There are 2 protein chains.
Amino acid sequence: MNVRSEDLTARARIRDAAVARFGRDGFRAPVRAIAEDAGVSAALVIHHFGSKDALRAECDQHVLTVIREQKSNAIAHASPAETIGMLATVQEYAPLFAYLVRSLLDGGALAGHFVDGLVDDASAYLQAGEEAGTVRPSADPAGRARQVVATQVGLLVMAQLDAAAGHGVAPTESPAEAIVQLYERSMLAGLELYTYGLLTDSRYLDAYQHFRQDKEKP
Amino acid sequence: MNVRSEDLTARARIRDAAVARFGRDGFRAPVRAIAEDAGVSAALVIHHFGSKDALRAECDQHVLTVIREQKSNAIAHASPAETIGMLATVQEYAPLFAYLVRSLLDGGALAGHFVDGLVDDASAYLQAGEEAGTVRPSADPAGRARQVVATQVGLLVMAQLDAAAGHGVAPTESPAEAIVQLYERSMLAGLELYTYGLLTDSRYLDAYQHFRQDKEKP
DNA sequence: GCCACGGCTGAACGCACGTTTAGTGTTATG
DNA sequence: CATAACACTAAACGTGCGTTCAGCCGTGGC
């Protein structure tokens, strides 16, 4: 992504163009458009990858790999302040994220695995945090991990929505921008929520627990 | 939805079939399939609605209307226990939700408005809760509302994913079932999170607030 | 009885798009 | 120099699908 396009092989240029196009327009983007972006013919795309689906599979692989790398970088610096600081670098990888969101929305194979991976990671982090004393214990750790991941996923999707119909602050912002923006606009509230909670007492929680008990033994 | 299909006009039957199909297979579902579901010809679908897009617009309208009605029912009974109990009725409207999720995923016009509506509603509820003393005050009420809605959206999307690639508990569950299931599996953790928070202290929150300050005046 | 009309249909049209084909340089190999 | 191998292309093919066309019922009005 930080290499000039002329330096890349046609194959790589096509792959990058595909990631960008798919991320921006979704997977219905015509092969011909990707080809044009990469400065090649549509036939060459097929020649190199065999089919559009195969091209997409390779994009999946590529995106997953890069993001994994980036994530393992992130866990290296694990102090609160630095983890937060990492967000600034998100901007550079925004096209990858856009692609990822498309994949999520499309419900493709990548999406399922990726979300499962996120949930597993979240589980592990939360468990570690619990042991380190920074995270509260939970009656349902797996559910909590899903909950946390769901918020991430939801923010990504909402960012995509904002980008599609430009009813955000900036009219025709790029999907990439939208992701960064929405994160910035929700980060404070999110941390606040995770720090202090939302409710002042446990009435709702108690009510639900009673509801569950009644349901199991009526 | 609770009327037998023979009793409906062809127009309504087509609309219902379209909602169901679109919800299950996405908006790429062929008009011919919808027509077959409704027991009519493809040409009749166009005859009644003018185009596939117009049909979809009418589905949007229909779904939005029904869900709005249902939601205003829900706010009538506002005690914690009853609000929780309402969830049981979700099952009946699952096809509508499936359609809604598709719309979200597709990034259509409905999606944006719907999410905006959710955020507005959440804002209002949270504000009311705040005044009633059941909800904690926030430094960023709008951001918090988005955060809460993002979690809902994320859960819906994840449910859809689980339904698509049947790697859930039940192998080939319907999308509708998947939504209910995932909600059940995350409700306890969600309430716990909203009641007690996630973190044991405010280190992350403090770090972020410092980060923001540094960014504004470097 | 006849006519107009709206619900309804099967067949055909046309477009968008993935893929195939047949071929043209261009480069490495003997 | 001949030949094979490879990157690459323009044009054609085939298919899926939205939409249009031309016409068939069944019903209500005269």
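The values are calculated or read from the model by the stated rules, or taken from the named source; none is laboratory data. Keep in mind that what you see is a predicted model, and the values were worked out from it rather than measured. With ideal geometry, Cβ positions are generated from the backbone for all residues, glycine too; neighbour counts draw on all protein chains shown. Only protein heavy atoms, including side chains, enter the accessible area calculation; ligands, DNA and RNA are left aside. Shrake-Rupley method; radii C 1.70, N 1.55, O 1.52, S 1.80 Å.
When residue B:76 is tested against (1) open to solvent by 40 Å² or more (accessible area, probe 1.4 Å); (2) among the hydrophobic types (A, V, I, L, M, F, W, C); (3) modelled with pLDDT of 85 or more, exactly one condition is not met: (3). Does at least one position in the stretch B:141-151 carry a residue that is polar (S, T, N, Q), surrounded by 21 or more Cβ atoms within 10 Å (Cβ to Cβ) and at pLDDT 90 or above? Yes, the stretch B:141-151 has at least one match.
Close contacts from the stretch A:126-153, counting a first residue that is more than 7 Å from chain B (Cβ to nearest Cβ) and a second that is part of a loop (DSSP other than H, G, I, E, B), with Cβ to Cβ under 7 Å and a gap of 6+ residues or different chains, come to A:130/A:137. Can you tell me which residue within the stretch B:170-187, out of those that are within 13 Å of residue B:92 (Cα to Cα), modelled with pLDDT of 70 or more and open to solvent by 20 Å² or more (accessible area, probe 1.4 Å), is nearest to the other protein chains (Cβ to nearest Cβ)? Restricting to residues being within 13 Å of residue B:92 (Cα to Cα), modelled with pLDDT of 70 or more and open to solvent by 20 Å² or more (accessible area, probe 1.4 Å), the top hit is B:180. Cβ-Cβ contacts under 7 Å between residues 6 or more apart (or on different chains), taken from a first residue in the stretch A:97-122 that is under 16 Å from residue A:66 (Cβ atoms) to a second residue that is outside any helix (DSSP H, G or I) and open to solvent by 10 Å² or more (accessible area, probe 1.4 Å), are listed as A:102/A:27. Screening residue A:29 on (1) assigned to a helix (DSSP H, G or I); (2) within 21 Å of residue A:104 (Cα to Cα) shows it passes everything except condition (1). Screening residue A:29 against (1) over 12 Å from residue A:100 (Cα atoms); (2) of a type outside the set (Ser, Thr, Tyr); (3) away from DNA strand D (no atom under 15 Å from the Cβ); (4) open to solvent by 30 Å² or more (accessible area, probe 1.4 Å) leaves a single unmet condition, (4).
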